[in-house]
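Each value in this text was obtained by applying a stated rule to the coordinates, not by laboratory testing. These numbers were taken from a predicted model, which means no experiment stands behind them. No Cβ is skipped: glycine too gets one built from the backbone with ideal geometry, and neighbour counts run over all protein chains shown.
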Amino acid sequence: MSGKLHFVASSVPEAQAALTTLRDRYGDTGPEGADIVVALGGDGFMLETLHSFVGRGVPIYGMNLGSVGFLMNEFSADNLPERLSAAVATRIHPLRMIAESARGGSKAIAFNEVSLLRQTHQAAKIRIKLDSKTRLEELIADGILVSTPAGSTAYNLSSHGPILPLEAKLLALTPLSPFRPRRWRGAVLPHNVQITLEILEADKRPVSAVADNHEVRDVTKVEIGEDRTIVTTMLFDAGHSLDERILAEQFYF
């Protein structure tokens, strides 16, 4: 698995210095001829890299030079070919968001989550439909998010949503600061469900929709579902796979 490499890095000085070191040591075949892309930075930069190389079928191996690094491996400039040869492959599917607004429609994908957020001091009012059936007539909250298993330890976890094992074929539907119904804490959904979120009183209570880093403001309806046509492969050091990290996170206090 340690063939031709292409290195990319975030703009932080540490990542740029590592980029120079690794290119000098291992070379860089460029994005078109690469067998593996090595991303240097934090989780945010990993998401950027996943989006940049989506659909190309090139595995991505990240090394942490950011703050959190949940999606990354430990950084070391040494023995990279050996690490890549022993790396464990994790295949993930993103969410597909179709957002409607007064200005038209917009499509985007999200590897972590799609979140709906109130734009003003007014709480959002959202109707929730699953496979066209209304499940919650009115949620009053700061917003709501739909998370993939890979993203369940990010914004979803900080919003008290469930951690999802990668192989569970589930999605997390998690409210953000719910006011009514106050005791509703969300739902765990099958991965193939089609989720429709309708914004009530959209003129008075405007809402934005964000798919990873793609934002659409003043949405009126958002449809979300897993896109099984897109498969992205991430590489992790043996013994530190994303499955293992998700499991370990559930025992971290």
Practice prompt. Treating the angle as unsigned and between 0 and 90°, give the value, to the nearest 10°, between the Cα long axis of helix 13-26 and the longest Cα principal axis of the chain.
Written response: 40 degrees
Worksheet entry | Cross-link table Lys133/Lys204; Lys4/Lys169; Lys4/Lys107; Lys169/Lys221; Lys133/Lys169, entries beyond 23 Å C-alpha to C-alpha | Lys133/Lys204; Lys4/Lys169; Lys4/Lys107; Lys169/Lys221
Practice prompt. Name the residues whose placed amide hydrogens come within less than 5 Å of the amide hydrogen of Val38, ignoring near sequence neighbours (fewer than 5 apart) on the same chain.
Written response: His6, Phe7, Val8, Tyr61
Worksheet entry | Structure-based [θ]222 nm, the chain - -39500 (n - 2.57) summed over DSSP H runs of at least 4, per residue, nearest 500 | -4500 deg cm²/dmol
Worksheet entry | Around Lys107: net Lys/Arg minus Asp/Glu count, Cβ-Cβ under 11 Å | -2
Worksheet item: Along the charge dipole of the chain, Cβ charges K/R +1 and D/E -1, which of Leu164, Gln119, Ser11 sits furthest on the positive end?
Response: Gln119
Worksheet item: Would you list Ser11, Ser85 from fewest to most Cβ contacts within 10 Å?
Response: Ser11, Ser85
Worksheet item: What residue among Ala168, Ala99, Ala124 has the largest mean-square fluctuation in a Gaussian network model of the chain, using Cα springs under 10 Å?
Response: Ala168
Worksheet item: Taking neighbour Cβ counts within 10 Å as the exposure measure, how do Ile109, Ile126 sort from fewest upward?
Response: Ile109, Ile126
Fill in: Sorted by Cβ density within 10 Å, fewest first, the residues Arg245, Arg56
Arg56, Arg245
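Output the antiparallel fraction of DSSP beta bridges having both residues in the chain, as a percent to the nearest 5.
Counting only bridges with both partners in the chain, antiparallel ones make up about 80 percent.
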